[in-house]
Amino acid sequence: MKAIAVIPGKPDSIHLRDVPAPRLEEVPDGRGVLVRVLRVGVDGTDKEINAAEYGAPPPGEEYLILGHESLGRVEAVGPAVAELAAGDLVVASVRRPGSSLYDRIGLQDMTTDDVYFERGINLRHGYLAELYAESADFLVRLPEALREVGVLLEPASVAEKAIGQAWEIQRRLRVWRPRRAAVLGTGTLGLLASLFLRQRGLEVVAMGRVEPPFLNSELLAAIGVTYLKRRVEIPADRINQGFVLGNKVAFGSVNASRDDFERGVADLVRAELTFPGWLARLLTHRVRGLESYRELMDTLTTARDAIKVFCEVAP
Ligand code: BGC
Ligand code: ZN
């Protein structure tokens, strides 16, 4: 079958290649699911992998199939899969378990291992191919209503995790009631995070460096978010003092757990009802077919007005 791959370590090595088709039987314990890929979104991570900044192939191979933001349709399931059936719309998560305690309880997004396994990024092939096989454990089902925008679920899960972590941290304040939030950056993640915070009833201010009005600031206005164009100078000493005297916390967040994907599904469905058509406006650049890998990478690296660039692998 066809796939879009890179040779990790070799700059701008993106290419189309013929690779062995995956089989259900590759997945242990009869838990295999064979998925036909419909759409795959691309982002800065793919750009950086193609620039050879990071990324690694599966052990023993020289190429890495790109793509970690998927949407596909189940083609067949193994004998021990009851929760999915042929025809279901699914999105696969990205990180696979390593060996830390977190990995063993299904929270590999919180791994303490130095090496992590991520499909389309590090040591595991991604989804920019005609088909992929995966354990049902790592697939999330979407309602048919999300057919058009479901490719946004992986980035949505990353925003969900960050918001969930912020909530967990604030709980230390016992009587805290969330009212206001600021979002830095108005790319796909900033837009989705703003949306999900609005859907939780918060007043949201999003900040970026582009002079409004432009598509992203208009999208924010449409969901009642204020956009501020700011250049910020960082007085590191005052910030540090503020952290101590104000009991503040800074934290980092990456990747997402199964729960974050499930919450993402609920919030995307909610968005379709509350702001019909809004999510589809994030899908600014569609590139048709795996053969158009050049156009896919060029659009990703040069389109100035892009929010989400995606490959329509199958119509
Ligand atoms: C992906 C995450 C991943 C991270 C680090 C991001 O682009 O969306 O799932 O954990 O890259 O590799
Ligand atoms: Zn990503």
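Coordinate-derived values only; no laboratory data. Model, not experiment: these values are computed from the prediction. We place every Cβ from the backbone using ideal geometry, glycine too, and count neighbours over all the protein chains shown.
Go through the range 67-114 and count every residue that is within 17 Å of the chain's Cα centre (by Cα) and either more than 15 Å from ligand 1 (Cβ to nearest atom) or of a type in the set (D, E, K, R) (or both).
7
Could you tell me whether residue 114 is within 16 Å of ligand 2 (Cβ to nearest atom) and over 30 Å from residue 288 (Cβ atoms)?
no
From the set of residues in the range 83-107 that are outside any loop (DSSP other than H, G, I, E, B) and either hydroxyl-bearing (Ser, Thr, Tyr) or in contact (Cβ under 8 Å) with a residue 40 or more places away in the chain (or both), which is surrounded by the fewest Cβ atoms within 10 Å (Cβ to Cβ)? Don't jump to the end; show me each part of the working.
As a first pass, look at the range 83-107 and keep what is outside any loop (DSSP other than H, G, I, E, B): 89-92, 95-96, 101-104.
Next, from what is left, pick out any that are either hydroxyl-bearing (Ser, Thr, Tyr) or in contact (Cβ under 8 Å) with a residue 40 or more places away in the chain (or both): 89-92, 95-96, 102.
Numbers: 89: 19, 90: 22, 91: 28, 92: 25, 95: 24, 96: 19, 102: 17.
Among those residues, the one meeting the criterion is 102.
Within the range 226-258, track down each residue that is under 20 Å from residue 198 (Cα atoms) and without any contact (Cβ under 8 Å) to a residue 40 or more places away in the chain.
Hits for the range 226-258 are 226, 228, 229.
Restricting the search to the range 108-150, which residues are surrounded by fewer than 20 Cβ atoms within 10 Å (Cβ to Cβ) and of a type in the set (Gly, Ala, Ser)?
Hits for the range 108-150 are 133, 135, 145.
For the range 203-227, enumerate the residues that are surrounded by 17 or more Cβ atoms within 10 Å (Cβ to Cβ), hydroxyl-bearing (Ser, Thr, Tyr) and in contact with a helix residue (DSSP H, G or I) (Cβ under 8 Å, 6 or more places away or on another chain).
The answer is 227, and nothing else.
Among (1) more than 16 Å from ligand 1 (Cβ to nearest atom); (2) under 29 Å from residue 271 (Cα atoms), where does residue 130 come up short?
In the conditions (1) more than 16 Å from ligand 1 (Cβ to nearest atom); (2) under 29 Å from residue 271 (Cα atoms), residue 130 misses (2) alone.
Does the range 228-239 hold any residues that are assigned to a helix (DSSP H, G or I) and surrounded by 11 or more Cβ atoms within 10 Å (Cβ to Cβ), and which are they?
239
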